[in-house]
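Structure, as structure tokens:
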Amino acid sequence: MSEQSRWSWARWRAPLVATAAILLSVAAAACTENLDGGVACPSLCPSQDEPFRDTTFDAVVLDTSLAGYPTLGLSSTLLLANRPDTLVTRAVLRFDQLATSYQPNGTGALDSITTVDSVYIVLPLDTTGRRGSTPVTLELFDVDTTASDSVASVVRSLFRSDRRIGSLTLTPTATGDSLRIPVARAVLEGKIASRSRFRVGLQISGGSGQLRVRAFQLGAGAPTLRYDPRTDTLYRPIILGTNTSISNTTTDVLLSYQVYALTELGSVGVTAGTLVVGGYPAHRSYLRFNVPLRITDSSTIVRAELLLTQTRSRFGNANDSVALIPLVPTTTDSISNLRRVLDLAAEGAFASVDTAALVPSDSGLRRLNVLALARTWRTLPLNVPRAVAFRIGLEGAQPAELRFFSSEAAAGLRPRLRITYLPRADFVLP
Amino acid sequence: MTSLSTFPGSRRVVAAACVALLLGTAGVVQAQGTLSGLGFGYPVGGLSTRAAGTAGAFGEFDALSPINPASIGGLPRTVLSAQAEPEYRRLSINGRSERTTVQRIPLLTVAVPAGKGLAVSLAASSLLDRSFTTITTGSANLNGVTVPTTDRLDMRGAIGDLRAAIGWQANSRLRVGVAGHVMTGEHVGARERTFADTLRFGGVIDSSRATYFGTALSVGGELRVLPNLSAHASYRMGNDFDSRIRDTVRATGGVPNRLGLALRYDGIAGSTFAVGMEQVSWSDMGSMGSERVKAYDAQNVFAGAEVVGPRLRGVPVLVRAGYARNQLPFATTGGAQVRETRWSTGLGLPVAREAASIDLSLQRASRSASGQAASESAWLFGIGLQIRP
């Protein structure tokens, strides 16, 4: 090996030291930045601590309760009750198109139904809505008529003994998840023979009781009509769901008249100076606020509570807690019809506004957390009213209501907003 | 108006440097608001890595440091320079300590000879670096109820100095120069407060942004009073300095005036020695901040040397050392001025003979203030690249 090519520390020392220094510096310059501190606070962290502001004010500029919920026939459950001191309801099921033919075994051809057997109305039940530990009678009536049966009084008049077509005695709290109520064969045979409609009225009589029927499932009526197309047992029963036919109407109307309820005795409704949520038929309440822009737009809201003074309700299941479900209206002020506004309102859960559980028979101040809602107000266009609405859980399927004092009540009882906020500050300057 | 930007994250240093170079400005990559970062931030100094290796003693006559415009007079070749300077900081207070890492690109310079002893230069440097994050726990009183909170404050930004200078070497004994400065930058703060009770209380996220704009004029001169001894002086005269929030001037102060003086001795072959001082009237900015911050004028002194060391590929390596005593400009109201001592060393490494070189610096800074329980120490690594095409 030559002298020139032999490795020499003296020759390479300077380049190696220089290279090491450069690499060290590059490595130092490439280190991850870490600015997190705070151990010296507050002595070395002089900052402008803006105090939180807390205000409670009569922010409600419009509050009202709207009746008639849920819309006729569009509740997923239906309350069938006979509680003479509280609530009496009836139900109507429509089977306007009956199966009038069947396929005799082995023939491959259709044959007309001339006789039927094992005729039942099958009602799926929500067992959480049962009430009554003494036997009651569930009666069926033929409520088909050529009169105007969109008028409740006309339909009510058809619940009479000469139109009774079936019954079942049962103890509500002892029922399973469905009921099979026998129907007189001759009635259905007559309907099939005459190609007429089969419309059934249901009511509970002979004692106090309550059933909650599943009215709709997956967008279709859940109660069914079952019958055998012959008297022998070799044929599978025909099962028909509810259906109706009304000329020149919309699908919504057709759906609403398949299964619907009639109220004989319900809640008293809205009284002066009150807001009602729930009841039977149910109410929804709407409250519109006027909140200063300095709070919604120029501050950060850290707490927002709607203060409602609850007044005692004695209607229905007054001692059972019920859910007060918020709705968030999102329409602009171009829609002045409040029912339309509520139809288009979003469920509070979508805006992270929580449901509250309240007992109808209680009274006193209720603080409803509307923080998430209030924090959205800043992002809304000015033509969207700042508002909230409420409906009751199991609306139209439970006899319970919540009553609150409205803005027409005495000053100390009116709805108010309590907002805690932090005004924005230009804290960037040292 | 070009504003100095912040580049969060050291891994983007190179990209930041490229972008900043294209924009003709320097990106200041974070700092923090501790003992040294109070008020409008830490005065980075605008020193090249070479001058940093001497603790700032060479700043008055270093052509790459945008301090004395006379220093570029007679520049023989075009020079492009970029550098990075991370700082590893340790703050101690009452037996507790915390470490932070700050990334900076404190200086970008282009200097071009214009013939007949004239030269022009454009430089972007950091005037004040104010970036920090504090995370603290505390409580908030909400209508008589005390609720535990966690507070986080992120502050990012800097004020930079964009300088255009022209220098002239009148003869072998005299150089003079003049420069115009634009001071511009921004601070962006984000404040987050979260409550322990997240069901009833929503957190607070707030942000605030301020921009700054000011101008200054500086002049400088260099006189060789003896064959191996030269005197250097520069003066920066500040004009109005505005802080704006949402395009509204919120406060007006002045760009700090600065007076710098230095003596340089080249009497020993292969070596340069320098001493210097500067006075910066930071109190001109006092009216720009709140009553929580007090601005002090600063008197800084430096001493440093550069000697020829071992040869690398036939070209000598330059070895540097220095010492400085500085006063920092900002303190809390009622607090004493923060003082800083620096020891430094550095290397100048040739890379491509005369065409390029790399400067390295290592500084140790200690900061404290009388009456303050807090003290701070820091290592600053500098790496600078000079290209002379």
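The values are calculated or read from the model by the stated rules, or taken from the named source; none is laboratory data. Bear in mind the structure is a predicted one, so any value in this text is a computation, not a measurement. Counting neighbours? That spans all protein chains shown, and the Cβs are built from the backbone with ideal geometry, glycine included. Accessible surface areas use protein heavy atoms only, side chains included; no ligands, DNA or RNA. Shrake-Rupley method; radii C 1.70, N 1.55, O 1.52, S 1.80 Å.
Which of the residues belonging to region B:74-93 are away from every other protein chain (no Cβ under 11 Å), under 19 Å from the mean Cα position of the chain (by Cα) and of a type in the set (A, V, I, L, M, F, W, C)? Listed by number, the residues that qualify are B:Leu80, B:Ala82. For first residues located in region B:184-212 and more than 10 Å from chain A (Cβ to nearest Cβ), partners that are among the aromatic types (Phe, Trp, Tyr) and part of a strand (DSSP E or B) and lie 6+ apart or on another chain with Cβ distances below 6 Å form the pairs B:Thr184/B:Phe213; B:Gly185/B:Tyr212.
Does region B:197-209 include one or more residues that are touching a Lys or Arg at 6+ places or on another chain (Cβ under 7 Å), within 17 Å of B:Asp284 (Cβ to Cβ) and open to solvent by 50 Å² or more (accessible area, probe 1.4 Å)? No, there is no match, as no residue in region B:197-209 is touching a Lys or Arg at 6+ places or on another chain (Cβ under 7 Å), within 17 Å of B:Asp284 (Cβ to Cβ) and open to solvent by 50 Å² or more (accessible area, probe 1.4 Å).
Only one of the numbered conditions (1) more than 14 Å from chain B (Cβ to nearest Cβ); (2) in contact (Cβ under 8 Å) with a residue 24 or more places away in the chain; (3) over 20 Å from the mean Cα position of the chain (by Cα) is not met by A:Tyr260, and that is (3). A:Ser157 meets each of the listed conditions (1) under 24 Å from A:Pro281 (Cα atoms); (2) touching a Leu at 6+ places or on another chain (Cβ under 8 Å) apart from (2). Scan region B:40-57 for residues that are open to solvent by 10 Å² or more (accessible area, probe 1.4 Å), in contact with a Gly (Cβ under 9 Å, 6 or more places away or on another chain) and part of a loop (DSSP other than H, G, I, E, B) and the total you get is 2. Exactly one residue out of B:Ser126, B:Ser172, B:Ser131 is closer than 30 Å to B:Glu192 by Cβ and away from chain A (no Cβ under 14 Å): that is B:Ser126. Within region A:226-233, can one find any residue that is out of contact with any Pro (no Cβ under 7 Å at 6 or more places or on another chain) and assigned to a helix (DSSP H, G or I)? Checking region A:226-233: not a single residue is out of contact with any Pro (no Cβ under 7 Å at 6 or more places or on another chain) and assigned to a helix (DSSP H, G or I). Residues that are aliphatic (A, V, I, L, M), under 21 Å from A:Pro326 (Cα atoms) and surrounded by fewer than 22 Cβ atoms within 10 Å (Cβ to Cβ) within region A:395-430 comprise just one, A:Leu413. Restricted to region A:277-301, and to residues there that are within 29 Å of A:Ala318 (Cβ to Cβ), in a strand (DSSP E or B) and open to solvent by less than 10 Å² (accessible area, probe 1.4 Å), the residue that is nearest to the other protein chains (Cβ to nearest Cβ) is A:Leu287.
Within region A:408-427, residues that are closer than 12 Å to A:Phe57 by Cβ have Cβ atoms under 7 Å from residues that are in a loop (DSSP other than H, G, I, E, B) and β-branched (Val, Ile, Thr) in these pairs: A:Leu417/A:Val291, counting only partners at least 6 apart in sequence or on another chain. Here A:Leu373 meets the list (1) farther than 25 Å from B:Thr198 by Cα; (2) not in a loop (DSSP other than H, G, I, E, B) almost entirely, failing just condition (1).
Taking strands (runs of 3 or more DSSP E) as the structural unit, those lying wholly within region A:71-133 and holding at least 3 residues that are open to solvent by 20 Å² or more (accessible area, probe 1.4 Å), under 22 Å from A:Arg197 (Cα atoms) and modelled with pLDDT of 90 or more correspond to A:117-124. Residues in region B:270-281 that are out of contact with any Leu (no Cβ under 7 Å at 6 or more places or on another chain) and closer than 17 Å to B:Ser234 by Cβ: B:Val280, B:Ser281. Annotation: B:Gly267 fulfils all but one of (1) in contact with a Leu (Cβ under 8 Å, 6 or more places away or on another chain); (2) surrounded by 15 or more Cβ atoms within 10 Å (Cβ to Cβ); the unmet one is (2). Within region A:140-149, the set of residues being assigned to a strand (DSSP E or B) and open to solvent by less than 20 Å² (accessible area, probe 1.4 Å) comprises A:Leu140, A:Phe141.
When residues in region A:302-313 are screened for being β-branched (Val, Ile, Thr) and more than 14 Å from chain B (Cβ to nearest Cβ), 2 of them pass. Residues in region B:247-266: is at least one over 27 Å from B:Phe61 (Cβ atoms) and among the charged types (D, E, K, R)? Within region B:247-266, one or more residues are over 27 Å from B:Phe61 (Cβ atoms) and among the charged types (D, E, K, R). Inspect region A:368-384 for any residue being under 18 Å from A:Val276 (Cα atoms) and out of contact with any helix residue (DSSP H, G or I) (no Cβ under 8 Å at 6 or more places or on another chain) and give the result as yes or no. Within region A:368-384, one or more residues are under 18 Å from A:Val276 (Cα atoms) and out of contact with any helix residue (DSSP H, G or I) (no Cβ under 8 Å at 6 or more places or on another chain). Within region B:214-231, residues that are among the acidic types (Asp, Glu) have Cβ atoms under 7 Å from residues that are part of a strand (DSSP E or B) and buried (at least 19 other Cβ atoms within 10 Å of the Cβ) in these pairs: B:Glu222/B:Arg175; B:Glu222/B:Ser230; B:Glu222/B:His232, counting only partners at least 6 apart in sequence or on another chain. Scanning region A:235-276 for residues that are part of a loop (DSSP other than H, G, I, E, B) and farther than 30 Å from A:Asp111 by Cα turns up A:Asn248, A:Thr249, A:Thr250, A:Tyr257, A:Gly266, A:Ser267, A:Val268, A:Gly269, A:Val270, A:Thr271, A:Ala272, A:Gly273. Is there a residue being at pLDDT below 90 and open to solvent by 30 Å² or more (accessible area, probe 1.4 Å) anywhere in region A:58-69? Looking through region A:58-69, at least one residue is at pLDDT below 90 and open to solvent by 30 Å² or more (accessible area, probe 1.4 Å).
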